[in-house]
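Reading through the structure tokens given below for one structure.
The values are calculated or read from the model by the stated rules, or taken from the named source; none is laboratory data. Computed from a predicted model, the values in this text were never measured in an experiment. Here the Cβ positions follow ideal geometry from the backbone for every residue, glycine too, while neighbour counts run over all protein chains shown.
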Amino acid sequence: MKNTFFEITSNVPLTDSVYKMTLAGDTDGIDAGQFVNIKLDGLYLRRPISVCDVGESELTIIYKVVGHGTEQMSRMKDGKLDLLTGLGNGYDVSKAGEKVLLLGGGVGVPPLYLLAKKLIKDGKKVSVVLGFNRRDEVFYEDEFAALGCVVTVTTADGSYGLKGFVTDALPENYDYFFTCGPEPMLKAVYKATKTSGQFSFEERMGCGFGACMGCSCKTVTGFKRICRDGPVLEKEEILWED
Amino acid sequence: MGRLNVSLCGIELDNPVIPASGTFGYGYEFSELYDINVLGTFSFKGTTREPRFGNPTPRIAECTAGMINAVGLQNPGVEKVISEEIPKMKKVFHKKVMANVSGFSVDDYAYTCEKLDKIPEIGWFEVNVSCPNVHGGGMSFGTSPDAAAEVTRAVKAVTDKPVIMKLSPNVTDIVSIASACEAAGADGISLINTLLGMRIDLKTRRPVIANTMGGFSGPAIFPVALRMVYQVAHAVKIPVVGMGGVSTAEDVLEMMMAGAAAVEVGAANLADPFACRKIIEDLPFAMDKYGIKELSELRV
């Protein structure tokens, strides 16, 4: 965990409500599946946003406007942001097999991008299924394809790609999976997949670094904090609560 | 004696700044960011007899200049606190720590304190009779003078360490409860715990927090906290630890002018993990600005 200032270098809409922000700063120690916690003027708590991509000194985050914080972020053109970085237990790529499946839904798609980059670099075959509600919500299909992934897009209303959910488009051949998306999707993925895999969860957080116990969940191996022991949990440790 | 030194129940502190229980874990998350030995001490996560998961999520809501939490005393239970958390804490914190304890019966409080009494690293007990987030315990002991006194006596019977009773602001007469604790042998009073509050999500029309209500903290509650610290400090002879919305060195000075012997900092640690270190660094400058030579001169 580090506390540093980043300079906003770009902030552009990808869809009506999803924005991509690039930032320049100290990216040392930031890994796939982790998040940053952003301080915003006039708001008491920081906003946790997943890491989409990271370079030597460039950080990319993709966020959906859902409340006051993300609305404020969407209006930013430049300036500095106070970030806590290196937060959370990210994806463990050492557990992946040779044919890896990535399943992303909505704003659960971004954290899979840096993961896909790492897996491709390790010589893995990567299939990606990206699920959205409608055609106008689709983003990052071309970016995953450009990495060398086999990309399938699903839309719930069938207006683009395959009609249905990501679980309707599972390939035959995969030996491990990683997923991130809304909880109903994660539950469906849990049921539909036949191999081990890793799930990235979302929860309202207080601190984002494990101190306040605001985002705890029960797992097979005991109580875990989504912000610190997660957001990535392994399939075998998940306990679903209704 | 440095100019920031204060004394709390006979134990010297390098400065009056104490991260409040529940906002600082057992210290080791913060020790990744800075040397937590700059603190006066800290009050560790509220510990109960049995392990507790706490309340369902969402447990957190935001509000203007503050937040609401309904964690519900999640902790691994006193046995694991002793066997796992305190050994980890000892590696990063080398001063006396404040042990925050909670319970659901008078016997629970005594049991947990008796177990922790053997830990040499513990300097003080802070006995939480004020948690708003658990049913059938916690705050119910802190809303009646007799019940608060009964817990005080039970804990005093099992330890020689100083016992500080942490009180709830959700009462009609805070002074009567503080006085009852003092009469029952308490060595200090700390206040305020969080104010009971809630938020409703306009989209879902449902409470934001799964437990409906939670404890409201942050800078928004500072004037309420200051008022109650003032009332209690002027009514009891034992030291008072002031807390509630403290975020800056100026807030610390104001709390001490109201009668606090030391000051806890809670929600600020969550919004800015460096909050306590910044406050400690800023204190000498704030003291210069207001012509304060030593903090000890502020005691009422």
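Computed quantities for the displayed model
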| quantity | calculated |
| --- | --- |
| Qualifying residues in region B:61-71 (those that are surrounded by fewer than 24 Cβ atoms within 10 Å (Cβ to Cβ) and not in a strand (DSSP E or B)) - the one farthest from the other protein chains (Cβ to nearest Cβ) | B:Thr64 |
| Residues within region B:1-38 that are assigned to a loop (DSSP other than H, G, I, E, B) and within 14 Å of another protein chain (Cβ to nearest Cβ), tallied | 11 |
| Selected residue [at pLDDT 95 or above, buried (at least 23 other Cβ atoms within 10 Å of the Cβ) and assigned by TED's automatic domain parsing to the domain that holds A:Thr155] from A:Leu45, A:Leu83, A:Leu103 | A:Leu103 |
| From A:Glu71, A:Glu58, residue being over 27 Å from A:Leu233 (Cβ atoms), modelled with pLDDT of 95 or more and under 18 Å from the mean Cα position of the chain (by Cα) | A:Glu58 |
| Selection within region B:281-300 - touching a helix residue (DSSP H, G or I) at 6+ places or on another chain (Cβ under 6 Å) and surrounded by 20 or more Cβ atoms within 10 Å (Cβ to Cβ) | B:Leu283, B:Leu298 |
| Some residue of region A:185-193 being out of contact with any helix residue (DSSP H, G or I) (no Cβ under 6 Å at 6 or more places or on another chain), assigned to a loop (DSSP other than H, G, I, E, B) and basic (Lys, Arg) | no |
| Region B:23-56 - residue that is of a type in the set (D, E, K, R) and closer than 16 Å to A:Cys212 by Cβ and, of those, surrounded by the most Cβ atoms within 10 Å (Cβ to Cβ) | B:Lys45 |
| Exclusive hit being in contact (Cβ under 8 Å) with a residue 12 or more places away in the chain, more than 26 Å from A:Pro184 (Cβ to Cβ), of a type in the set (Lys, Arg) and assigned to a helix (DSSP H, G or I), set A:Lys77, A:Lys118 | A:Lys118 |
| Verdict on A:Gly181 being within 14 Å of chain B (Cβ to nearest Cβ) and either surrounded by 19 or more Cβ atoms within 10 Å (Cβ to Cβ) or modelled with pLDDT of 95 or more (or both) | no |
| Leading residue by the ranking (farthest from the chain's Cα centre (by Cα)) among those in region B:265-297 that are more than 14 Å from chain A (Cβ to nearest Cβ) and β-branched (Val, Ile, Thr) | B:Ile292 |
| Strands (runs of 3 or more DSSP E) wholly inside region B:172-282 containing at least 3 residues that are closer than 29 Å to B:Phe53 by Cβ | B:195-197, B:214-217 |
